[in-house]
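Worksheet for the structure shown next.
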Amino acid sequence: MAAVARAASFAQELEQHGDIEVGVVLDTEGQTGRASASVRIHAGREVVWPLLTSCAEALKLVPGLVDCKVLETASDKSWQRIRQVVDYSWFVRKLTYDILATYDEPARVSIERTSGDLSKLKVSWNLTSDGDYTIAQYKVDLDPGFWVPRWLVRVALKRDLPKMLRALRTRAESVAHQPP
């Protein structure tokens, strides 16, 4: 019976995520976690890159993100200090934190929390070209620094990560295939 249940759960995840690969590891307490995901996008890196480095686009792509404001930008545009506000659910208070986003255009974005409500947030986006496609790989290392129900952490990573990558793919492909 347990094997059948596991197989059904695996089939449901495949159906839910399709071609988006997601891996999640939570600590035994469920408070900290790491996740990685990747998606293949039918658009070049020159299309995907500005979507990953724009607060306006982040508000459309990231579940629960309700505010994103650039505080400072390097003169060479190699980094930005950004304030983000996440209002994920009534289970968790609204979170405000500042991040430092470092850019290696058009291949990598590195993000690290510098202050605010989260204890730890490290994110990286790696973009690789594959012909007419871009492979976007996302990694996150998260420690909220306060108690959060384990199921909420798992849902946030397992459900919302594919949702974010699917939104990125849809947005990038719509931009790439717009008539001139």
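The values are calculated or read from the model by the stated rules, or taken from the named source; none is laboratory data. Computed from a predicted model, the values in this text were never measured in an experiment. We place every Cβ from the backbone using ideal geometry, glycine too, and count neighbours over all the protein chains shown. Surface areas here come from the heavy atoms of the whole protein model, side chains and all, with no ligands, DNA or RNA. Shrake-Rupley method; radii C 1.70, N 1.55, O 1.52, S 1.80 Å.
When each of 71, 165, 127, 142 is tested for being under 16 Å from the mean Cα position of the chain (by Cα) and over 14 Å from residue 37 (Cα atoms), the lone residue that passes is 142. Scan the range 104-144 for residues that are modelled with pLDDT of 95 or more, within 27 Å of residue 93 (Cα to Cα) and either of a type in the set (S, T, N, Q) or outside any strand (DSSP E or B) (or both) and jot them down. Once the filter is applied, which keeps residues that are modelled with pLDDT of 95 or more, within 27 Å of residue 93 (Cα to Cα) and either of a type in the set (S, T, N, Q) or outside any strand (DSSP E or B) (or both), the range 104-144 yields 110, 114, 115, 124. Given the structure, is residue 147 open to solvent by 50 Å² or more (accessible area, probe 1.4 Å), assigned to a loop (DSSP other than H, G, I, E, B) and hydrophobic (A, V, I, L, M, F, W, C)? Here the answer is yes, as residue 147 does meet what is asked. Looking at the range 172-179, can you tell me whether even one residue there is polar (S, T, N, Q) and touching a strand residue (DSSP E or B) at 6+ places or on another chain (Cβ under 9 Å)? Within the range 172-179 (the criterion being polar (S, T, N, Q) and touching a strand residue (DSSP E or B) at 6+ places or on another chain (Cβ under 9 Å)), the answer is no, since none of the residues qualifies. Here is a check on your reading of the model: is residue 113 touching a Phe, Trp or Tyr at 6+ places or on another chain (Cβ under 8 Å), free of Cβ contacts under 8 Å to residues at least 24 places away in the same chain and buried (at least 17 other Cβ atoms within 10 Å of the Cβ)? When the stated conditions are applied, residue 113 passes them. Applying the criterion of being over 16 Å from the mean Cα position of the chain (by Cα) and not in a loop (DSSP other than H, G, I, E, B) to the residues of the range 84-94, the residue that is surrounded by the fewest Cβ atoms within 10 Å (Cβ to Cβ) is 89.
Working carefully through the options 39, 48, find the one that is modelled with pLDDT of 95 or more, among the hydrophobic types (A, V, I, L, M, F, W, C) and assigned to a helix (DSSP H, G or I). Walk me through it before giving the result.
Values: 39 fails: assigned to a helix (DSSP H, G or I).
Criteria check complete, one pass: 48.
Of the residues making up the range 33-52, those that are under 25 Å from residue 156 (Cβ atoms) and surrounded by fewer than 19 Cβ atoms within 10 Å (Cβ to Cβ) number 4.
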